[in-house]
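Chemist: Below is a structure I'd like to ask you about.
The values are calculated or read from the model by the stated rules, or taken from the named source; none is laboratory data. Because the structure is a prediction, the values reported are computed rather than measured. Cβ placement follows ideal geometry from the backbone for every residue including glycine, while neighbour counts extend to all protein chains displayed.
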Amino acid sequence: MRATIAVIGTGSVGTTLATALARAGHAVTAGSRDPHRRAADWSAPVPLTGMADAVAHADVVVNATPGSESIDLLRPLAPQLAGAVLVDVANAVEQGPDGFATALRYPASSLAEELQLALPDTRVVKTLNTIGPASAMAAPGALATPPSAFLSGDDAAARRLVAALLADLGWRPEWVIDLGGLATARVTEAFVLLVRPLVQALGPVPFGLAVAH
């Protein structure tokens, strides 16, 4: 399956996923809120444009924006996102002075659910938000222990499509766990609160949540 994909967000996560998906054979465009400024040091092998232009003809859109800004950035794109699958890999948190999460931005909900409310004609699927850094999202086999990637979304066909994209990134089927409805994203998004103590215990190494069964 060759998909037309827009990756919104051009930080390390967006750049890594855009590059990996393009190398897997997909037609990928990266969208930035300020493409002219970002173009000065843009090195990924995909076109860079504004966010609205990037999503205009995309079947799949990856949300790699900072989670605390995702709603404000994506809500204006609702008309262009109608009918698309939105792959949400972000976590919306309150940050402490060290940059780590201290609380969830949506403690009674999840970023994924809030995106679905803001974009009712878009099919939102949450995944990859329990993996870090971005390099591990695109090369899970490099970790000493195979990590798990979780899928949360109210549309089963959209979850299957995202599972196929994960396979293109090197995720073996047994590493991917379909949790069902979008409300399950509340649990996976809470994992971000464990990142700081994990980094303190292990150092700045790639890691992910793995389920043994």
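For (1) surrounded by fewer than 13 Cβ atoms within 10 Å (Cβ to Cβ); (2) modelled with pLDDT under 95; (3) within 16 Å of Leu193 (Cβ to Cβ), each residue gets a yes or a no:
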| site | (1), (2), (3) |
| --- | --- |
| Gly96 | yes, yes, yes |
| Ala103 | yes, no, yes |
| Ser109 | no, no, yes |
| Ala112 | no, no, no |
| Gln116 | no, no, no |
| Gly132 | no, yes, yes |
| Ala138 | no, no, no |
| Pro147 | no, no, no |
| Asp168 | no, no, no |
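Chemist: Which residue pairs have Cβ atoms closer than 7 Å, lie 6 or more positions apart in sequence or on different chains, and pair a first residue in the range 20-36 that is farther than 8 Å from Val46 by Cβ with a second residue that is of a type in the set (A, V, I, L, M, F, W, C) and in a loop (DSSP other than H, G, I, E, B)?
Modeler: Partner pairs satisfying both residue conditions: Ala20/Leu169; Ala24/Leu169; His26/Ala3.
Chemist: Taking the condition hydroxyl-bearing (Ser, Thr, Tyr), assigned to a helix (DSSP H, G or I) and modelled with pLDDT of 95 or more, does Thr19 pass?
Modeler: The answer is yes for Thr19.
Chemist: State whether one or more residues within the range 38-50 are in a helix (DSSP H, G or I), without any contact (Cβ under 8 Å) to a residue 40 or more places away in the chain, touching a Leu at 6+ places or on another chain (Cβ under 9 Å) and loosely packed, with under 15 Cβ neighbours inside 10 Å.
Modeler: yes
Chemist: Here is a further query. Among Val195, Val211, Val162, Val187, which is in a helix (DSSP H, G or I), farther than 22 Å from Val60 by Cβ and touching a residue at least 40 places away in the same chain (Cβ under 8 Å)?
Modeler: Val195
Chemist: Quickly run through the range 67-113 and pick out the residues that are assigned to a strand (DSSP E or B) and of a type in the set (A, V, I, L, M).
Modeler: Val85, Leu86, Val87, Val93, Ala101, Ala103, Leu104 - these are the residues of the range 67-113 that are assigned to a strand (DSSP E or B) and of a type in the set (A, V, I, L, M).
Chemist: Determine, yes or no, whether Pro120 is in a loop (DSSP other than H, G, I, E, B) and more than 28 Å from Pro146 (Cα to Cα).
Modeler: Details: in a loop (DSSP other than H, G, I, E, B): yes; more than 28 Å from Pro146 (Cα to Cα): yes.
Answer is yes for this residue.
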